[in-house]
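The values are calculated or read from the model by the stated rules, or taken from the named source; none is laboratory data. Everything numeric in this text was worked out from a predicted model, so none of it was measured. All Cβ positions, glycine included, derive from the backbone under ideal geometry; neighbour counts span all protein chains shown.
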Amino acid sequence: MLKALLAAVLAALVTYAGELVGTAHAAQPATATVDMANFSFNPAQLQLHANTLTTLQLHNSSSGGHSFSAPAFFAAARIEPGSAGLVHDGKVEIPGRSTVQVALIPAAGQYPLKCSHTLHAAFGMKGTIIVR
């Protein structure tokens, strides 16, 4: 009887530990990296998962500044408190040769993306964010 009880308790502990590991793994944010150069986003079509904590890693490899401007996307997303100060008027500024990380939970939809700096979008610096 005691042996069966110990076996049941051990099995329950193993199951519970597995659930904890699964929960901790699920809590890890997804990372989406966007490389910016003169005059492009790579990828130009960003694919994200709705309702999933995501870190946007915005890397500017050029010497001049760029922006990641997607007002509808940022308005629909839940921006994490630590990243809220990085988003102004629906865009994030990324100085030359730097990386900015924005943590958020995106909402489903399709959103236009562009660099709002003078003529950058006209020269091809635009794209789409697709959240499913």
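Things worth noting here:
- The residue that is surrounded by the most Cβ atoms within 10 Å (Cβ to Cβ), counting only those in segment 122-132 that are touching a residue at least 24 places away in the same chain (Cβ under 8 Å) and part of a loop (DSSP other than H, G, I, E, B), is MET125.
- Test: residue in segment 73-95 that is in a loop (DSSP other than H, G, I, E, B), under 18 Å from PRO43 (Cα atoms) and at pLDDT 95 or above: no
- Residues satisfying the stated conditions in segment 89-132, i.e. within 23 Å of ALA30 (Cβ to Cβ) and of a type in the set (Val, Ile, Thr): VAL92, ILE94, THR99, VAL100, VAL102, ILE105, THR128, ILE129, ILE130, VAL131
- Listed conditions (1) outside any strand (DSSP E or B); (2) buried (at least 17 other Cβ atoms within 10 Å of the Cβ); (3) in contact (Cβ under 8 Å) with a residue 40 or more places away in the chain are all met by LEU58, apart from (1).
- Hey, LEU86 closer than 24 Å to GLN28 by Cα, among the hydrophobic types (A, V, I, L, M, F, W, C), surrounded by 15 or more Cβ atoms within 10 Å (Cβ to Cβ) and touching a residue at least 24 places away in the same chain (Cβ under 8 Å) or not: no
- Residue in segment 22-33 that is touching a residue at least 12 places away in the same chain (Cβ under 8 Å), among the β-branched types (Val, Ile, Thr) and surrounded by 16 or more Cβ atoms within 10 Å (Cβ to Cβ) present: no
- The number of residues in segment 93-107 that are under 13 Å from the mean Cα position of the chain (by Cα) and of a type outside the set (S, T, N, Q) comes to 7.
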